[in-house]
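Rule-based calculations on the coordinates, nothing more; no lab input. Please read these numbers as outputs of a predicted model, since none were measured by experiment. Here the Cβ is made from the backbone with ideal geometry for all residues, glycine too, and neighbour counts use every protein chain on show.
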Amino acid sequence: MHKKKKILPVFTRLKFVDVAKYVEPAMKHNKIMNGYAVGIGEKNGQKFTFLIPFEEFPKEKITKFIGGELNVKPTESGLRTSLAMQDIEDLREAQELIAVNLQNLENRLNKKFDQVEEWLILLDQDLNKFREVFKVWNSYESQSFQTD
């Protein structure tokens, strides 16, 4: 017996024919996860499937690209695409893409800011404990120097 070799496509553009499957994203730990679509593309008369991750390609944008050429990325798991990889011809679409990316950046910055704020609160609490210890220590020092 011999193992069957897995042949992966190596092209980066194909015609987007249809969506074979769409899986709605699920909420997990207050974060949207695992949503995706499986697209069907055509290249040189052959059909190929490719992954469209939800977080990289919103569902409402997918249908705009059906029937047109789509940029894809070959990976070990197969073809993959994202909205950021596509050629944006319309200024409005480019502005929407920039807005989506800015929103993602803002969300990441807010998360980091919350982490820094949490760290500063803990640091402040530790400093307050140190101040209390220092006050107590100072009061003992001042009592020991008193002479009657």
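Structure notes:
- Above-threshold pairs, the threshold being 29 Å between Cα atoms, out of Lys31/Lys59; Lys31/Lys64; Lys28/Lys129; Lys28/Lys59; Lys31/Lys129: Lys28/Lys129; Lys31/Lys129
- Counted by Cβ distance under 14 Å from Asn104, the other residues give a net charge of 0, where Lys and Arg count +1 and Asp and Glu count -1.
- Placing a pseudo-label 7 Å from each Cα along the Cα-to-Cβ vector at Ser82 and Ile121 gives an inter-label distance of 3.2 nm.
- Using a Förster distance of 25 Å, the FRET efficiency for Val23-Phe113 (Cβ separation, nearest 0.05): 0.20
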